[in-house]
Each structure stands twice: as structure tokens, then as C-alpha cells.
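> First the structure, which I've put down as C-alpha cells, then a few questions once you've had a look.
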Amino acid sequence: MANRLRVTTVITLAMINVFTLGAGAAVATLMPARLALWNIPRVADRPPAVADQVLAGAAASGPLPTSGGLSAALSGILSSTALGQQVGAVVIDPSSDRVLFARGASSPLPPASTAKLAISVAALDVLGPSARFTTRVTAGASPGSIVLVGGGDPTLAAGRPPAADYPQPATLKSLAASTARALRAQGRTSARLGYDTSLFTGPQLAPGWPMEYVTTGNVTPISALEVDQGRLTLAGAPQDADVPGNYRPRSTDPAAQAAAAFAAFLASDGIRVTGPVSQQVAPASAATMAAVTSPPLSAIVGWMLRESNNVIAEDLARQVALREGKPASFSGAATAVTGVLRTLGISGGIHLVDGSGLSPQDRIAPATLARVVGLAAGAAVQGRLRAAITGMPVMGFSGTLAPGQSVFSGSAAPGLGVVRAKTGNLSTVATLAGLVYDASGRVLAFAFMTNNVPAAGLQQAADRIDAMATALAGCGCRGK
């Protein structure tokens with residue numbers, strides 16, 4: 001009986017293995033052939049390549065496409081009337097900065113949210129990928145008072161966000177708990193509360209921003225102290241969840257709302273806030289009572305690029321300004337960002353008035369935008385700019401290149417999974433810039449931009465730009 005059981009068990013396991021192998025083979029035939037280019041991880045018999053060499057090595061793995069081959073693949077799409085009258089397209093080899101294809105390359109066009117690539121590169125370069133931003137509480141100028149000091153953390157949340165949100169932001173709830181402990185250690189159960197937004201200066205709305213940007217949920221007035229990027233629940237409370245599809249009106253006074261939320265958290269921790277909560281400047285010599293810090297900049301950049309987060313972009317641009325000794329305003333941030341790019345070898349072809357690309361007054365030439373992408377992908381940066389590449393959406397899978405997440409909804413093979421790019425659109429503007437693996441395994445950087453799209457034709461223009469990125473992915477482009 002025991003022998004029969006063992007034989008039966010062996011036969012059953014063998015049949016399971018046969019069925020598993022057969023099913024695997026069947027699934028493999030359904031997968032795109034491009035996935036055969038994936039390399040299965042294995043133990044190396046030599047020291048691994050450092051991060052800054054990864055894309056450079058991939059770029060050299062296949063032959064460069066020719067200008068004639070790229071023209072044959074792209075010119076027909078570029079001639080589409082759906083793209084309007086102002087179109088620019090550039091394809092470069094990021095390992096050499098060599099221009100492989102150009103059409104309207106030097107004509108500055110509105111970048112829309114592809115401007116966030118410039119902000120990412122500048123911030124990562126001068127701040128470093130491990131930089132964090134601190135929100136703190138200090139003693140106030142008068143006895144018994146405390147001040148909540150905004151540190152320009154664009155990811156700060158009020159309460160605890162869902163555990164699935166990544167990266168997990170710092171919270172006012174945690175800061176209030178630490179503050180309450182510090183106050184109780186001093187024998188205090190009450191305090192007067194002020195809030196300090198002086199880290200940032202200038203107007204809260206950029207040139208070219210209508211108030212409708214706030215009421216349609218695109219952005220909140222820019223402040224050094226805000227929570228949840230000003231996103232609100234139906235009840236008007238901070239949302240405390242990363243929901244990029246929330247297009248309800250955002251807070252019109254994000255700093256005051258953050259301070260009110262902090263006061264409520266203090267009360268729940270047994271600290272009574274006395275008197276009105278007022279805006280003030282913390283004493284320069286005041287000691288820090290409690291503090292919370294943001295996720296690292298590398299994670300914040302990924303958050304910003306994947307969902308095209310406008311508030312994060314504006315705050316990061318101001319952090320660049322602060323590091324570069326410029327005013328932390330729209331104009332100071334624009335000057336600082338373009339100055340950093342100039343030190344990296346990218347000069348000309350760029351004019352910014354904000355950090356998010358929301359303003360129709362922004363201009364970037366396609367050649368400049370493609371060079372920003374190529375710079376982040378190149379070996380010379382030694383990995384410090386890598387989050388500007390890894391943070392970009394992937395066609396058909398993530399962020400604003402996932403199905404239904406923007407007007408760029410293309411997810412057809414061969415672009416599926418091998419186009420990594422930043423999207424951008426305004427009412428008459430459609431732009432896409434990023435990297436693609438072509439059919440030869442070569443990494444190419446590109447920028448496709450169009451302005452003055454025909455009325456009600458934004459989706460058609462985006463579809464044509466999707467088609468160009470897909471054509472690059474499927475093209476070895478070795479024609480004459």
C-alpha cells in the first residue's frame with residue numbers, strides 16, 4: 001500500500017511538472033518578441049557595472065539608426081495635420097549627444113509638463129538624490145508660543161496616508177505627536193501657535209496661471225508650507241492620499257489649512273492651542289523642538305514625474321533657487337534652474353517662468369529637451385541624475401503613460417514597456433520626451449513637441465506623438 005502511494009505521488013508530481021512546462025511554453029508564445037531582449041539576472045563573474053554605465057552600455061549594444069532610416073519612419077507621421085502648424089522632433093544618441101534626426105529642432109515651443117525633466121535634472125544635480133526637506137516646530141518670539149515652520153517639503157501630508165502609497169511622506173500628525181511630547185516634558189499643556197512660510201517669496205501663482213488652475217485641481221497656490229499638494233476631500237479636508245485623479249478644487253490658502261490641521265493634531269495629543277493661529281516668522285535663533293523629514297529627493301522626483309505633479313515641481317524648483325542663492329520665487333527658481341543646466345552644458349533654447357510647465361509662456365526647443373534627457377541617461381553624470389530617468393512613466397504600464405491616465409494612451413507593441421518618457425499637454429499643446437529601446441537594442445533619446453493643435457484635436461495630436469514613439473521602438477532604422 002505504501003509503495004503504491006509513493007508511485008502515485010511520483011506520477012502526480014511528474015504530470016504537474018509536464019503541465020507546468022507546457023503552460024509556460026504556451027504563455028511564452030503569447031509574449032511580445034521584444035521581451036526576449038530582457039536579460040535574466042545572474043551572478044556575475046566580474047565586478048558589476050556601476051550605475052552610471054548601465055544605459056551607456058545598453059546604448060552601445062546595437063547599431064545606430066541612420067538619418068534616412070529615421071526619416072522614413074517618422075516623416076509620414078510628422079506630416080499629419082492633426083499635429084498642427086508648429087511641430088518639432090529630435091532623436092539623439094545619448095551616449096554621444098549626436099543628433100540623428102531633427103525637424104524644427106531649434107524652435108522653442110511650450111513644453112507643458114516635459115519642463116519637469118529640466119527641474120528634475122537641476123534639482124538632482126545641485127541637491128543630490130539623497131536630499132531631504134525638513135518641516136519643524138520652534139519656540140516663538142513670545143513666551144508660551146510655538147511656530148510651525150514650512151521647509152518646502154512638497155510631499156508633506158496632514159494625517160497618515162494609506163500604507164500602499166509610495167514613498168511614504170512625512171506627516172503633521174507625527175510632527176504634532178513629537179511636539180506634544182516636547183511640550184509635556186516642559187510641563188506645558190497649552191501653546192499659542194503660529195506658522196512660518198517665509199522660506200518662499202513672491203506671488204503664489206505664476207505668470208500665465210489663471211485661477212482656474214486651482215479650481216480645476218491642477219495646482220494649489222505655491223507655499224513653503226502645505227499638505228497633500230492642496231488636494232481636498234469632498235468635505236474640504238486634506239486628502240491624505242496620493243490620488244492624482246482628484247480634480248476637485250484645491251486649497252486656496254494651503255499654509256493656513258496646514259496650520260489648522262496641525263492645531264487639531266496637537267489637540268488630539270492633549271495640547272490646547274490658545275488664541276488664533278497666525279502667520280509669523282520664527283525667530284532666527286529659535287531652537288527646534290520637533291521635526292519631520294521628507295523622503296529622499298530621488299523618490300520625490302519619481303513621484304513628480306510619474307503623475308506629473310505640479311506642486312512638487314514648483315517646490316523643487318524653489319529648492320534649487322535656495323541652493324543657488326537665488327530668491328525662492330517663480331522668477332528666482334527659473335533663473336536658478338536654467339543656470340544649473342548651463343553649467344551642465346545645456347545653454348540656449350530654454351525660457352521658463354515656472355517649474356511645472358503649466359504656464360503657456362514657458363519655452364523649450366526640442367533639441368534642448370532631448371539633450372536634457374540624454375544628459376540624465378549619459379555616463380558622465382555618475383548616477384546622480386538617474387532618478388530623472390527611472391522616475392519617468394513607462395508606456396502601457398505606469399504613470400501618465402498607463403492606459404487612461406493622460407491623453408497619451410498608446411500602449412501597443414512595439415512601444416509597450418520599452419518607451420520611458422515624460423508626457424506634457426496644455427489645451428493646444430502636446431509633448432513627449434524620453435528614452436526608447438529600438439528594435440536593434442539601441443537606446444535613443446527623443447523629444448516630440450507640437451503647439452497650436454487644432455481646436456478639440458488634442459487627443460488626435462497625442463495619438464500621433466504616441467505613434468512616433470512607437471515607430472522608434474519598432475525601428476532598427478538602418479535605411480539610407
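Computed from the coordinates by the stated procedures, all read-outs in this text should not be read as laboratory data. All of these numbers come straight from a predicted model, not from anything done at the bench. FYI the Cβ positions are ideal-geometry reconstructions off the backbone, even for glycines, and counts take in every protein chain you see.
> Report, to the nearest 10°, how far helix 458-473 tilts away from the longest principal axis of the Cα atoms in the chain, using its own Cα long axis and a range of 0 to 90°.
For 458-473 against the chain, the angle is about 50 degrees.
> How would the chain be classified by its alpha-carbon gyration tensor: rounded, prolate or oblate, with rounded meaning a/c under 1.5 and the a/b versus b/c comparison settling the rest?
In terms of gyration-tensor shape, oblate.
> As I understand it, the value is the acute angle between the Cα axis of helix 366-377 and the longest principal axis of the Cα atoms of the chain; what does it come to in degrees, rounded to 10?
With both axes taken from Cα atoms, the answer is about 90 degrees.
> How high is the FRET efficiency between V243 and S96 when r is their beta carbon distance and R₀ equals 30 Å, given to the nearest 0.05?
The computed FRET efficiency comes out at 0.10.
> Here's something else I'd like to know. Using amide H atoms built in the peptide plane, which far-off residues or other-chain residues are under 5 Å from Q279 H to H?
Residues meeting the amide H criterion: Y195.
> Expressed as an acute angle from 0 to 90° and rounded to the nearest 10, what is the orientation of the C-alpha long axis of helix 297-307 relative to the principal long axis of the chain?
Compared with the principal axis, the helix lies near 70 degrees.
> Still on this structure, I have one more. Mind listing the phi-derived Karplus ³J(HN,Hα) values for the stretch 327-343, rounded to whole Hz, using 6.51, -1.76 and 1.60 with θ = phi - 60°, and x for any glycine or proline?
The phi angles translate into x, 7, 10, 4, 5, x, 5, 4, 4, 5, 4, 5, x, 5, 4, 5, 5 Hz.
> Something else: Between S278 and A412, what FRET efficiency comes out of the Förster formula 1/(1 + (r/R0)^6) with R0 = 41 Å and r the beta carbon distance, rounded to 0.05? Could you put the intermediate results ahead of the total?
Details: r = 56 Å, r/R0 = 1.37.
Rounded to the nearest 0.05, the efficiency is 0.15.
> Still on this structure, I have one more. List residues of the stretch 132-146, by number, whose backbone nitrogen lies under 18 Å from a label position 7 Å along Cα→C-beta of A287.
136-146
> I'd like the Karplus ³J(HN,Hα) series for the stretch 312-324: coefficients 6.51, -1.76, 1.60, θ = phi - 60°, whole numbers in Hz, and an x wherever there's a Gly or Pro.
Per residue, the Karplus-derived 3J(HN,Hα) values read 4, 4, 5, 5, 5, 4, 5, 5, 4, 4, 4, 5, 8 Hz.
> Among DSSP bridges having both ends in the stretch 134-295, what percentage is antiparallel? Round to the nearest 5. Present the calculation step by step, with values, prior to reporting the outcome.
On the way: 10 of 20 bridges.
Antiparallel bridges make up about 50 percent of those DSSP assigns within the stretch 134-295.
> Continuing with this model, one more query. So what are the ³J(HN,Hα) numbers for the stretch 254-259, from phi and the Karplus equation (6.51, -1.76, 1.60; θ = phi - 60°), rounded to whole Hz, Gly and Pro as x?
Once θ is set to phi - 60°, the couplings for the stretch 254-259 become x, 5, 5, 5, 4, 5 Hz.
> Please list, ordered by chain and number, the residues whose modelled amide H lies under 5 Å from the amide H of G144; skip anything fewer than 5 residues away on the same chain.
Here nothing satisfies the definition.
> As a footprinting exposure proxy, order K422, K173 by other Cβ within 10 Å, with the fewest listed first.
Fewest to most other Cβ atoms nearby, the residues stand as K173, K422.
> Taking the DSSP beta bridges in the chain as the whole, what percent of them are antiparallel, to the nearest 5?
Details: 42 of 52 bridges.
Antiparallel bridges make up about 80 percent of those DSSP assigns within the chain.
> Then there's this: Could you order peptides 344-352, 470-478 by the average number of other Cβ atoms within 10 Å of their residues, highest first?
Sorting 344-352, 470-478 by mean packing, highest first, produces 470-478, 344-352.
> If one puts a single equal scatterer on every Cα of the stretch 134-295 and applies the Debye formula without solvent, what log₁₀ I(q)/I(0) results at q = 0.13, 0.16, 0.17 Å⁻¹?
-0.59, -0.87, -0.97
> Please list the equivalent ellipsoid semi-axes of the stretch 312-411, computed as the square roots of five times the alpha-carbon gyration tensor eigenvalues, in descending order and whole angstrom.
24, 17, 14
> At 0.36 nm per residue, minus the direct Cα-Cα distance, what do S142 and Q85 gain on full extension? Give it in nm, one decimal, please.
Here the segment from S142 to Q85 would lengthen by 14.3 nm.
> For the pair S440 and R132, what calculated FRET efficiency results from E = 1/(1 + (r/R0)^6), where r is the Cβ-Cβ distance and R0 = 30 Å, to the nearest 0.05?
Working: r = 41 Å, r/R0 = 1.36.
Plugging the Cβ-Cβ distance into 1/(1 + (r/R0)^6) gives 0.15.
> Relative contact order, percent, of the stretch 343-424 when contacts are C-alpha pairs under 8 Å separated by at least 6 residues?
Values: 94 pairs, mean separation 15.2, N = 82.
It comes to 19 percent, rounded to a whole number.
> In the stretch 70-201, what percentage of the DSSP-assigned beta bridges are antiparallel, given to the nearest 5?
Bridges in the stretch 70-201 that DSSP calls antiparallel: roughly 60 percent.
> Would you please give the residues with an amide H less than 5 Å from that of D362, counting only those at least 5 places away or on a separate chain, with H modeled from the backbone geometry?
Here the answer is V353, since their amide H atoms fall under 5 Å of that of D362.
> Further, regarding this structure: Counting only helical runs of four or more DSSP H residues, what would the 222 nm mean residue ellipticity of the chain come to if each run contributes -39,500 (n - 2.57) and the total is spread over all its residues?
Calculated from helices alone, the mean residue ellipticity at 222 nm is -10500 deg cm²/dmol.
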